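To start, the structure itself, in structure tokens.
The values are calculated or read from the model by the stated rules, or taken from the named source; none is laboratory data. Because the structure is predicted, anything quoted here is derived from the model rather than measured. Glycine gets a Cβ as well: all are built from the backbone with ideal geometry, and neighbour counts include every protein chain shown. The accessibility values were calculated without ligands, DNA or RNA, using every heavy atom of the protein model including side chains. Shrake-Rupley method; radii C 1.70, N 1.55, O 1.52, S 1.80 Å.
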Amino acid sequence: MRRAIALGRRGMKAGHGGPFGAVVVRRGAIVGEGWNRVVTTNDPTAHGEIVAIRAACRRLARFHLSGCDLYTSSEPCPMCLSAIYWAHIDRIFFGCTVNDVARIGFDDRFIYRQLARPAGRRTIRAVQLLAGEARVLVREYAANPRREKY
């Protein structure tokens, strides 16, 4: 956890983005680490947890991180939490809470409230198009015996 906090401080002091750092640990060793790089990369997905997950996946040469834990300086936002679930990380250890960072302008509670609404009633409207064609694509993928299993 101290490493995650130190990475968050490093990125913050360098002007890379908010005060958020993260490390992915497997069998007691760090296999991926990162800090918020949203500002320097102009990438809204470059949160510390995402950067750390990407680094761990590259290092381990796999997209499932089962057997790994994630240490993060702050409770993950909805995007990062989703990535953690998709990566199949075993456990999350976090420092400050969503409410703590909301006090300095990182208010993820808005996104959580949006996700609870039906797609057509969110601030950013979601409209379904070409559903039939999209379903054909999904069936084609499902029929591939060599496809990746999630």
- Item | Identity of the residue in the range 81-104, in contact with a Leu (Cβ under 8 Å, 6 or more places away or on another chain) and open to solvent by less than 90 Å² (accessible area, probe 1.4 Å), that ends up farthest from residue 65 (Cα to Cα) | 93
- Task: Could you tell me which of the residues 3, 10, 59, 37 is in contact with a helix residue (DSSP H, G or I) (Cβ under 7 Å, 6 or more places away or on another chain) and among the basic types (Lys, Arg)?
- Result: 37
- Query: Do you know which residues across the range 55-80 are out of contact with any strand residue (DSSP E or B) (no Cβ under 7 Å at 6 or more places or on another chain) and open to solvent by 50 Å² or more (accessible area, probe 1.4 Å)?
  - Reply: 58, 61, 62, 63, 66, 79
- helices (runs of 4 or more DSSP H) contained in the range 69-150 and holding at least 2 residues within 20 Å of the chain's Cα centre (by Cα) and more than 20 Å from residue 49 (Cα to Cα): 109-115
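Out of all the residues in the range 105-122, which are open to solvent by less than 90 Å² (accessible area, probe 1.4 Å) and aliphatic (A, V, I, L, M)? So that I can check it myself, show each step before the final result.
First pass over the range 105-122, keeping only residues open to solvent by less than 90 Å² (accessible area, probe 1.4 Å): 105-108, 111-112, 114, 116, 118-120, 122.
Residues satisfying the conditions are 111, 116, 119.
Might you let me know whether the range 21-40 holds any residue that is part of a helix (DSSP H, G or I), under 29 Å from residue 149 (Cβ atoms) and modelled with pLDDT of 95 or more?
no
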- Message: Looking at the range 15-36 only, could you name the residues that are touching a residue at least 12 places away in the same chain (Cβ under 8 Å), open to solvent by 50 Å² or more (accessible area, probe 1.4 Å) and farther than 16 Å from residue 76 by Cβ?
- Response: 26, 27, 30
- Item | Selection from the range 105-135 of residues that are more than 30 Å from residue 31 (Cβ to Cβ) and either in contact with a Leu (Cβ under 9 Å, 6 or more places away or on another chain) or in contact (Cβ under 8 Å) with a residue 60 or more places away in the chain (or both) | 122
